[in-house]
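The values are calculated or read from the model by the stated rules, or taken from the named source; none is laboratory data. Bear in mind the structure is a predicted one, so any value in this text is a computation, not a measurement. Glycine gets a Cβ as well: all are built from the backbone with ideal geometry, and neighbour counts include every protein chain shown.
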Amino acid sequence: MNSKQIAIIGIVAIIIIVAGIYASGIFTGGNSAKGNITVLAGAGTMKAMNDLKATFEEKNPGTTVNIQYGNSGELFATLDTQKSADMVVPGDLTFMDNAKNKGYMINDTIKPIVKHIPVIAVQKGNPKNITNITDLGRSGIKVALGDTNGTAVGKQSIKILNKTGDLAAVKSNVVVYAPTVNQLMTYLTSGQVDVAIVTEDIATTGEAQGKVDVIQIPENQNSIATIGAGLTVFTQNKGLTTKFEDFITSSEGLTIWQKHGFKPVNQ
Amino acid sequence: MRSKLEIIFISISFIFTTFLFIIIGSLFVIPSPQGFVESLFSNEMMSALKITLSTSILAAFFVMLVAVPTAYSLSRYQFPLKSLVKSILDLPMAFPEIVLGIALLMILGDQFLGNFLESIGINIVFTTAGIIIAQFFVALPYAVRILYSTFNYVNPRFEFVSRSLGYGEFETFKNITLPLAKGGIFASSVVTLARCIGTFAAVLLVGGGTYLKTETLPIAIYYNLSLGNIDNAITAAILLVLISFVAIFVLEKYAYQNIEGMG
């Protein structure tokens, strides 16, 4: 190989690296570009938030909403360590109390939006004839719950079981505490478990729609979380962020939330 | 005087090795020493370490039991559909392991094998047996790959000589082929073990990833990140780096010497 060929290889390599860096968006994603905001959102809101983002960007050309998903712990860790992000949309409003205590939120921007309602999901046709929470404790029923620390719905499940007094019986039937909520639907539709406690939006929309049956939990037994939004004190673009928050809480925004299985708080 | 090519190539290896080293090394400076020790000896970490090592060692053992004969037949014998068998064995290396995880889950689900296994009292999904099976299928292709090239390097002439001296097929395989392939077998065991330890998505899906029950080290990282428990997550990551380091160190020290000495 002569030096000319080496030079050619070198140039090609540099071009590829530069192209790669550009493609990865390092140079375009900076804060200086106007019309860019970053939102930290609960993993459970992903489908609705992606839809809201797309609609908002379409209506406001030149704006970009970057959304980072995670569950409460991840979101809080991100806020805590990065000290950036313009807005948070956690899956449970109790998140806001912790964030407020740390002085991370602009308090008067916090708004409740929709409800995160746990339901009982069973296999299509309900072969095990499960009608209420107490049935989860019947012998021979295989139950899947979200991890009781790591997932919001896992925590809610424990609260529900405590209210109905079925915790001990159901616990002995639990075959898996899944660290991610998506696993729960997979186990249910693949027949590994008979029943899971999930949130309504997951069980009634998207891929799961029509593949599982849903049994509502009476309100006095249920533990319902509220999804809300709020601006952080770190925001660099308060105008656009407020506009986005107004949009996702507007009636048009609420229609999009409802499309994805969420019920507005004032309903 | 080194040639230009030599200088360029050596610089490339140095620059990117340095990057990699800095990236891995940064893990070690994040947690406080106290936090590290505390999370290391926590119930969760000890349980995850125990589950990870016991399942991986068993899985790696089964992989080797299957991979040695498979690789040997691919290397030595002609049989129908050989190239198809080879491609199928290589397939899992190319797709993400979560694909394998979902496929295993489906086949072990009610409709197929699962009903039968359950009727004879074997539970795979959500148990450590499930973890081992997931690790087995993730790691098998790597073991077969390495052993295949190992056996290709073992000169068949030695086997012919042994046979012509009156030794049987099995004696020849045991006394000639296996000792000559020792280095490769060792290397593939180490790589297999490392692959089993590092399996994440397939193990999460099939094993369920239940806290203290089927939670392996890679799952512990994910789980603790989702709780915002950075100390625990990094500790699990450091443990994995240390285990890999020992594995690779042993590999470099022993296996390659043997491969070189094989002739």
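Would you point out the residue of segment A:90-146, among those that are of a type in the set (A, V, I, L, M) and part of a loop (DSSP other than H, G, I, E, B), that is modelled with the lowest pLDDT? Can you show your working first?
Kept after step one, since they are of a type in the set (A, V, I, L, M), are these residues of segment A:90-146: A:93, A:96, A:99, A:105-106, A:110, A:113-114, A:117, A:119-122, A:130, A:133, A:136, A:141, A:143-145.
Still in the list and also part of a loop (DSSP other than H, G, I, E, B): A:93, A:106, A:110, A:117, A:130, A:141.
On the way: A:93: 86, A:106: 93, A:110: 93, A:117: 91, A:130: 94, A:141: 94.
So, considering only residues that are of a type in the set (A, V, I, L, M) and part of a loop (DSSP other than H, G, I, E, B), the one modelled with the lowest pLDDT is A:93.
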When every residue in segment B:98-126 that is within 9 Å of chain A (Cβ to nearest Cβ) and β-branched (Val, Ile, Thr) is compared, the one nearest to residue B:52 (Cα to Cα) is B:125
Looking at residue A:173, is it under 16 Å from the mean Cα position of the chain (by Cα) and either closer than 22 Å to residue B:125 by Cβ or within 13 Å of chain B (Cβ to nearest Cβ) (or both)? no
Go through (1) under 20 Å from residue B:247 (Cβ atoms); (2) in contact with a Pro (Cβ under 6 Å, 6 or more places away or on another chain) for residue B:65 and report which single condition fails. (2)
Of (1) within 28 Å of residue B:183 (Cα to Cα); (2) away from chain A (no Cβ under 14 Å); (3) under 16 Å from the mean Cα position of the chain (by Cα), residue B:95 fails just (1)
I'd like to verify a number: residues in segment B:204-249 that are within 11 Å of chain A (Cβ to nearest Cβ), buried (at least 22 other Cβ atoms within 10 Å of the Cβ) and among the small types (Gly, Ala, Ser), how many? 6
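Inside segment A:35-75, can you point out the residues that are within 14 Å of chain B (Cβ to nearest Cβ) and either under 17 Å from residue A:106 (Cβ atoms) or outside any helix (DSSP H, G or I) (or both)?
Let us first name the residues in segment A:35-75 that are within 14 Å of chain B (Cβ to nearest Cβ), namely A:40, A:42-44, A:68-75.
A:40, A:42, A:68, A:69, A:70, A:71, A:75 - these are the residues of segment A:35-75 that are within 14 Å of chain B (Cβ to nearest Cβ) and either under 17 Å from residue A:106 (Cβ atoms) or outside any helix (DSSP H, G or I) (or both).
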State whether the residues of segment B:39-49 include one that is closer than 30 Å to residue B:89 by Cα and in the same structural domain as residue B:212 (by TED's automatic domain parsing). yes
Hey, among A:123, A:192, which residue is farther than 27 Å from residue B:216 by Cβ, within 12 Å of chain B (Cβ to nearest Cβ) and of a type outside the set (Lys, Arg)? A:123
I'd like to know if segment A:192-201 contains one or more residues that are surrounded by fewer than 23 Cβ atoms within 10 Å (Cβ to Cβ), touching a strand residue (DSSP E or B) at 6+ places or on another chain (Cβ under 7 Å) and within 20 Å of residue A:51 (Cβ to Cβ). yes
Pairing a residue in segment A:252-264 that is among the β-branched types (Val, Ile, Thr) with any residue that is surrounded by fewer than 19 Cβ atoms within 10 Å (Cβ to Cβ), where Cβ atoms lie under 6 Å and the two sit 6 or more apart in sequence or on different chains, gives A:256/A:51
Kindly provide the set of residues from segment A:76-98 that are out of contact with any Gly (no Cβ under 6 Å at 6 or more places or on another chain) and within 12 Å of another protein chain (Cβ to nearest Cβ), ordered by number. A:78, A:79, A:80, A:81, A:95, A:98
If you go through segment A:81-89 one residue at a time, do you hit one that is of a type in the set (Val, Ile, Thr), in a helix (DSSP H, G or I) and surrounded by 23 or more Cβ atoms within 10 Å (Cβ to Cβ)? no
All positions within segment B:39-84 that are basic (Lys, Arg) and within 29 Å of residue B:174 (Cβ to Cβ): B:76, B:82
Kindly indicate whether any position in segment B:19-27 is within 23 Å of residue B:191 (Cα to Cα), β-branched (Val, Ile, Thr), part of a helix (DSSP H, G or I) and at pLDDT below 95. yes
Answer residue from segment A:156-170, given it is in contact with a Ser or Thr (Cβ under 6 Å, 6 or more places away or on another chain) and in contact (Cβ under 8 Å) with a residue 24 or more places away in the chain and is nearest to the other protein chains (Cβ to nearest Cβ) among those: A:156
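Can you tell me which residues in segment B:202-254 are among the polar types (S, T, N, Q) and either outside any helix (DSSP H, G or I) or within 17 Å of the chain's Cα centre (by Cα) (or both)? Reasoning before the result, please.
We begin by selecting, within segment B:202-254, every residue among the polar types (S, T, N, Q); these are B:210, B:214, B:216, B:224, B:226, B:229, B:232, B:235, B:244.
Once the filter is applied, which keeps residues that are among the polar types (S, T, N, Q) and either outside any helix (DSSP H, G or I) or within 17 Å of the chain's Cα centre (by Cα) (or both), segment B:202-254 yields B:210, B:214, B:216, B:229, B:244.
Among the candidates A:219, A:207, which residue alone is farther than 23 Å from residue B:115 by Cα and at pLDDT 85 or above?
Numbers: A:207 fails: at pLDDT 85 or above.
Being farther than 23 Å from residue B:115 by Cα and at pLDDT 85 or above holds for just one of A:219, A:207, which is A:219.
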